[in-house]
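S.K.: Can you read through this structure? Questions will come right after.
The values are calculated or read from the model by the stated rules, or taken from the named source; none is laboratory data. These figures come from a predicted structure and were not determined experimentally. Cβ coordinates were reconstructed from backbone atoms using ideal geometry, including for glycine residues, and neighbour counts include every protein chain displayed. Note: areas computed on protein heavy atoms with side chains; ligands, DNA, RNA excluded. Shrake-Rupley method; radii C 1.70, N 1.55, O 1.52, S 1.80 Å.
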Amino acid sequence: MPIDMPTLSAAIITLNEEDRIREALDSVRFADEIVVVDSGSADRTVEICREFTDKVFVETWRGFAGQKNAAVERTTGDWVLSIDADEQVTAELAGEIRGVVSSGGPRDGYLVPRRNFFGGTWVRHGGWYPDYTLRLFRRGKGQFAERRVHEAVTLNGGRVGRLRSPLIHRTYEGVGDYLRRMDRYSTLAAEELRARGRRARWFDLVLRPPAVFLRNYVLRAGFLDGRTGLIAAGLTSAYTFSKYAKLAEMGRAE
């Protein structure tokens, strides 16, 4: 009797992603199954997704981690690859993933390096690369930890390996895009800190933002990325200040 080969499912969540979802889906055509969970797009996102898969589900938003777990729970493959709508799997990475799946491991989860882009420029330094993140794992072994923001896969036991080829991440279109999203993400991050019992102290507002800038721009050689590196370090510092300022505001409100 023939032995069934291990299968791979790609899991993606969406919301109004018509401008970039096609590239993401096209990059995971090599998967045996594509599962999309949409949270109520008002554009052509769902229509485009259905060109690639019939496993498109529309569900009420339950947070980043909750929504991604909903997509993972609907997969049926032996392995799960989770990507975002603004990411694309390179041909080299697809080859590595196929090798892992066909050989059955040997690890239970794999970290993937992300090649982050800011305004069309690959940011190579300042902590933006290789930006390893766990995205490939055996189904049933991994799930996204319940956090308000910066959700990540955690393995239920098992060993973690690393892949070499990058995942393309078109992070921000530019400064305006970063600032628009910063307001939402910094609020979620402040709420996360508050839920863990953290309070903003004076040095969180005075010392932490410039320390973040110096770490990314100087210690992590962000200056080697020229003007883009300077902007990226400055915006990361601004995000840090915004997060702790909102945390302080929450404390005063209580």
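S.K.: Answer rounded, prolate or oblate for the stretch 69-196, using the Cα gyration tensor with square roots of eigenvalues a ≥ b ≥ c: rounded when a/c is under 1.5, else prolate when a/b is larger than b/c, else oblate.
M.R.: Oblate, since a/c reaches 1.5 and b/c is not below a/b.
S.K.: Relative to the longest principal axis of the C-alpha atoms of the chain, give the angle of the C-alpha long axis of helix 226-253, reported between 0 and 90° and rounded to the nearest 10°.
M.R.: The answer is roughly 70 degrees.
S.K.: Please give the helix 64-73 orientation as an angle from the longest Cα principal axis of the chain, in degrees from 0 to 90, rounded to the nearest 10.
M.R.: With rounding to tens, the tilt is 10 degrees.
S.K.: Here is a further query. Taking 41 Å as R0, compute the FRET efficiency from the Cβ-Cβ separation of Val218 and Arg62 and round it to 0.05.
M.R.: Computed FRET efficiency for Val218 and Arg62: 0.55.
S.K.: For the pair Thr7/Ala245, report the inter-label distance in nm, with labels modelled 7 Å from Cα in the Cβ direction.
M.R.: Computed distance between label sites Thr7 and Ala245 equals 5.1 nm.
S.K.: Please go through the stretch 129-186 and write out the trypsin sites (Lys or Arg not before Pro) that DSSP classes as loop and that have at most 13 other C-beta atoms within 10 Å.
M.R.: Answer by residue number: Arg159, Arg164.
S.K.: Under 14 Å between alpha carbons, and skipping anything fewer than 8 positions from Lys141 in its own chain: which aspartates and glutamates qualify?
M.R.: Correct list for Lys141: Glu73, Asp78, Asp108.
S.K.: Same structure again: By its C-alpha gyration tensor, with a ≥ b ≥ c as the square roots of the eigenvalues, how is the stretch 155-254 shaped: rounded for a/c under 1.5, else prolate for a/b larger than b/c, else oblate?
M.R.: Taking the square roots of the gyration eigenvalues as a ≥ b ≥ c, the stretch 155-254 is oblate.
S.K.: Expected output is a single nm value to one decimal: the length gained when fully extending between Ser103 and Glu192, i.e. 0.36 nm times separation in residues minus the C-alpha distance. What is it?
M.R.: Extra length from Ser103 to Glu192 when fully extended: 28.1 nm.
S.K.: Further question on the same structure: What whole-number value in Å² describes the accessible area per residue of the chain for a 1.4 Å probe?
M.R.: Per-residue value: 51 Å².
S.K.: Still on this structure: Just tell me which lysines come within less than 17 Å, Cα to Cα, of Lys55; anything on the same chain fewer than 8 places away is out.
M.R.: Cα-Cα hits under 17 Å: Lys68.
S.K.: If you roll a 1.4 angstrom probe over the protein chains with everything in place, what fraction of the accessible area of the stretch 110-254 belongs to carbon and sulfur, to the nearest %?
M.R.: Roughly 53 percent of what the probe reaches on the stretch 110-254 is carbon or sulfur.
S.K.: Using helices alone, what [θ] at 222 nm do you get for the chain, with -39,500 (n - 2.57) per DSSP H run of 4 or more residues, divided over all residues and rounded to the nearest 500?
M.R.: -11500 deg cm²/dmol
S.K.: If R₀ is 45 angstrom, what is the calculated FRET efficiency for the pair Arg180 and Asp32, using the beta carbon separation as r and rounding to 0.05?
M.R.: 0.80
S.K.: If one computes P(r) from the Cα atoms of the stretch 1-157, what percent of pairs lie at distances over 21 Å?
M.R.: Above the 21 Å cut-off, the stretch 1-157 has 45 percent of its Cα pairs.
S.K.: Same structure, new question: Which net charge results for the neighbourhood of Lys141, defined as the other residues with beta-carbon distances under 14 angstrom from its beta-carbon, given Lys and Arg at +1 and Asp and Glu at -1?
M.R.: Cβ neighbours under 14 Å give a net charge of +2.
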